[in-house]
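The values are calculated or read from the model by the stated rules, or taken from the named source; none is laboratory data. Just so it is clear, the model here is predicted, and its values are computed rather than measured. Every residue, glycine among them, receives a Cβ derived from its backbone with ideal geometry; neighbour counts consider all protein chains shown.
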Amino acid sequence: MIPKVSDDMSELVTDFEEEREPSKTYKLDLARKRIVGYVDDRDAVEQAIYKIMGTERYDHLIYSWNYGSEISKLFGRPIPYVFSELKRLITEALTQDDRILSVDAFSFSHIKNKVIVSFAVQTIYGDIETGTEVAI
């Protein structure tokens with residue numbers, strides 16, 4: 001499709017509409033380590049959050065460089081640094097998905113060599129409360 005220019009030649013005319021891709025995907029049964037059926041909408045976004053947080057960015061050729069998180073680079077860092085960077089890394093990883101609007105309400109705790117973080121994810125299907133553990 002060739003772009004059209006308006007009569008005054010100052011701006012392009014957009015004569016198309018963007019459509020949101022369906023979020024239907026395979027359902028992961030994590031307890032039995034199987035794929036069972038399909039999920040859509042909110043459940044699909046919850047599953048996407050789980051997969052994004054569990055995939056290290058740049059480690060797998062099948063994913064684009066925008067997919068996954070960079071949490072493993074926090075290993076061995078001081079706790080105050082980990083707390084501040086976790087917020088940025090989680091937000092950056094999750095907001096790559098166009099169904100996720102924002103990430104906030106972070107809460108951190110530290111037990112031995114683990115940092116436990118919980119946070120709220122605002123999606124187009126509503127809010128999702130979730131969290132993760134990070135070995136440091």
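Among residues of region 67-80 that are assigned to a helix (DSSP H, G or I), none has a Cβ under 7 angstrom from a residue that is surrounded by fewer than 11 Cβ atoms within 10 Å (Cβ to Cβ) at a sequence gap of 6+ or on a separate chain. Residues of region 122-134 include none that is assigned to a helix (DSSP H, G or I) and modelled with pLDDT of 90 or more.
Taken together, the residues in region 59-102 that are in contact with a helix residue (DSSP H, G or I) (Cβ under 9 Å, 6 or more places away or on another chain), under 26 Å from residue 18 (Cα atoms) and not polar (S, T, N, Q) amount to 7. Applying the condition of being surrounded by fewer than 10 Cβ atoms within 10 Å (Cβ to Cβ) and among the hydrophobic types (A, V, I, L, M, F, W, C) to region 14-54 and asking which residue is modelled with the highest pLDDT yields 31.
Checking the condition at negative phi and loosely packed, with under 11 Cβ neighbours inside 10 Å, which residue from 59, 97 passes? Only one candidate qualifies: 59.
Here residue 115 meets the list (1) surrounded by 15 or more Cβ atoms within 10 Å (Cβ to Cβ); (2) within 14 Å of the chain's Cα centre (by Cα) almost entirely, failing just condition (2).
Can you report the number of residues in region 56-66 which are closer than 13 Å to residue 89 by Cα and either of a type in the set (Ser, Thr, Tyr) or part of a loop (DSSP other than H, G, I, E, B) (or both)? Qualifying residue count, region 56-66: 2.
Filtering region 60-90 to residues that are within 9 Å of the chain's Cα centre (by Cα) and within 17 Å of residue 116 (Cβ to Cβ) leaves 69, 90.
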